[in-house]
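Everything on this sheet refers to the single structure shown next.
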Amino acid sequence: MHKIIVAIDGFSSCGKSTMAKELAREVGYIYVDSGAMYRAVSLFCIQNGLMTDTDINAVELEKKIESIQIEFKTNQEGKSDTWLNGRNVETEIRSLEVANGASRVSTLGFVRRELVRQQQLMGEKKGIVMDGRDIGTVVFPTAELKIFVTASPEIRAQRRLDEMAARGESANYEEVLANVIERDDRDQNRAESPLRKADDAVVIDNSHLTREEQSMLLRTLFIEKTFN
Ligand code: DC
């Protein structure tokens, strides 16, 4: 059984990371959440005064980009946590503020080039499942298995609201839906590596799929690619 690269792209909050993590665990592959890397850069900007509601200080960020060290470390529960410059930031990077900032820093070409470089290094030996927006198109254009995941904005907003409620955060459905639509628009329309389906990606619309149905589908596709 040879090792392959699995690239999972799609809109925000459509369960990409859940399916990517699950597959990686089942088949013993490394899982990389590329969105967490953009979120870590966003957090760095917020904490270093490089980003306001309207502006990013791109000149200063570009000078500092190589000093931003992002790592993934497995915690005691066996889950992968994101570390930024030696500090575990897994919880902090999940806030709405950091997510909005991530969507903005991800429009900067020099940020993308640096993170893509790091992501390609992580996949050098294959045996990796990576999720994001440009994994099948830019990071690993020759990945053996490419998936494009989608679900309706309303369903994704509800899922995000449920996730926030589980963390004890309160939010308003209309506000979360507006945020989902705004991020979709930014992800699809940015000049640098916009979110799009790779020509050879398999589309999974999971609006009405159970988690089990989705897992089964993904496992079948993985087996087909691995044994061919
Ligand atoms: O998947 P996520 O919500 O954690 O991603 C955070 C932001 O980073 C999102 O607005 C899109 C951006 N992103 C990207 O541009 N390219 C990637 N490969 C992953 C995420």
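Take the chain with all the other protein chains still there, run a 1.4 Å probe, and you get 51 Å² of accessible area per residue.
Charges were assigned to the Cβ only: +1 to each Lys and Arg, -1 to each Asp and Glu. The resulting dipole of segment 10-111 about its Cα centre is roughly 160 debye. Among the protein heavy atoms of the chain, carbon and sulfur supply 50% of the accessible surface, probe 1.4 Å, non-protein parts ignored.
For the chain, the mean residue ellipticity at 222 nm estimated from helices alone is -14500 deg cm²/dmol, where every DSSP H run of n ≥ 4 contributes -39500 (n - 2.57) and the total is divided by all residues, rounded to the nearest 500.
Remark: for residue pairs Lys3/Lys146; Lys146/Lys225; Lys73/Lys197; Lys79/Lys197, the C-alpha separation exceeds 18 Å in Lys73/Lys197; Lys79/Lys197.
What is the sum of charges, Lys and Arg at +1 and Asp and Glu at -1, for the other residues whose Cβ falls under 14 Å from the Cβ of Val129? Value of the local net charge: +3. Charging the Cβ of each Asp and Glu at -1 and of each Lys and Arg at +1, and nothing else, the dipole of segment 167-224 about its Cα centre rounds to 160 debye.
What percent does the relative contact order of the chain come to when contacts are Cα pairs within less than 8 Å and at least six residues apart?
Values: 333 pairs, mean separation 76.3, N = 228.
Taking the mean separation of contacting Cα pairs over the length of the chain, I get 33 percent.
Note on the chain: with a GNM built from Cα contacts shorter than 10 Å, the maximum mean-square fluctuation among Gln120, Gln76, Gln188 falls on Gln76. The 3J(HN,Hα) values that the Karplus relation (6.51, -1.76, 1.60; θ = phi - 60°) gives for segment 42-58 are, in residue order, 4, 4, 4, 4, 4, 6, 10, x, 9, 9, 10, 4, 10, 10, 10, 7, 5 Hz. Gly and Pro appear as x. Rounded if a/c is under 1.5, else prolate if a/b is larger than b/c, else oblate: which is segment 95-228, with a ≥ b ≥ c the root eigenvalues of its Cα gyration tensor? Here segment 95-228 falls in the oblate category. Note on the chain: GNM, Cα springs under 10 Å; of Ala178, Ala198, Ala36, the largest mean-square fluctuation is that of Ala178. Taking GluC sites (Glu not before Pro) in DSSP loop conformation with at most 13 other Cβ atoms inside 10 Å as exposed sites, the chain has its longest uninterrupted site-free stretch at 1-76.
Starting from the Cα gyration tensor of segment 46-160, take the square roots of the eigenvalues, sort them a ≥ b ≥ c, and report rounded, prolate or oblate (rounded when a/c is under 1.5, otherwise prolate if a/b is larger than b/c, else oblate). Since a/c stays below 1.5, the shape of segment 46-160 is classed as rounded. Farthest towards the positive end of the charge dipole of the chain, among the residues Ile93, Val149, Gln69, is the Cα of Gln69, using unit charges on the Cβ of Lys, Arg, Asp and Glu. For Tyr29, the amide hydrogen comes within under 5 Å of no other amide hydrogen, counting only partners 5 or more places away or on other chains and with H modelled in the peptide plane.
Between Asn57 and Glu169, take the C-beta separation as r, use R0 = 35 Å, and let me know the FRET efficiency to the nearest 0.05. Each step should come with its number before you reach the end.
Values: r = 28 Å, r/R0 = 0.81.
Efficiency, from the Cβ-Cβ distance: 0.80.
Just check segment 1-113 against the gyration tensor rule for me: Cα atoms, a ≥ b ≥ c as the square roots of the eigenvalues, rounded for a/c under 1.5, and otherwise prolate or oblate depending on whether a/b exceeds b/c.
Numbers: a/c = 1.96, a/b = 1.80, b/c = 1.09.
Since a/c reaches 1.5 and a/b is larger than b/c, the shape of segment 1-113 is classed as prolate.
Which of these, Thr210, Thr54, Thr107, has the largest mean-square fluctuation under a Gaussian network model of the chain (Cα springs below 10 Å)? Taking springs between Cα atoms under 10 Å, the residue moving most is Thr54. Averaging Cα coordinates gives a centre for segment 168-228 and one for segment 47-117; these two points are 21 Å apart.
The values are calculated or read from the model by the stated rules, or taken from the named source; none is laboratory data. Predicted model, so just to flag it, every value in this text is computed and none were measured. Reconstructed Cβ throughout: ideal geometry from the backbone, glycine too, with neighbour counts over all protein chains shown. Side chains are part of the model used for accessible areas, which takes the heavy atoms of the whole protein and leaves out ligands, DNA and RNA. Shrake-Rupley method; radii C 1.70, N 1.55, O 1.52, S 1.80 Å.
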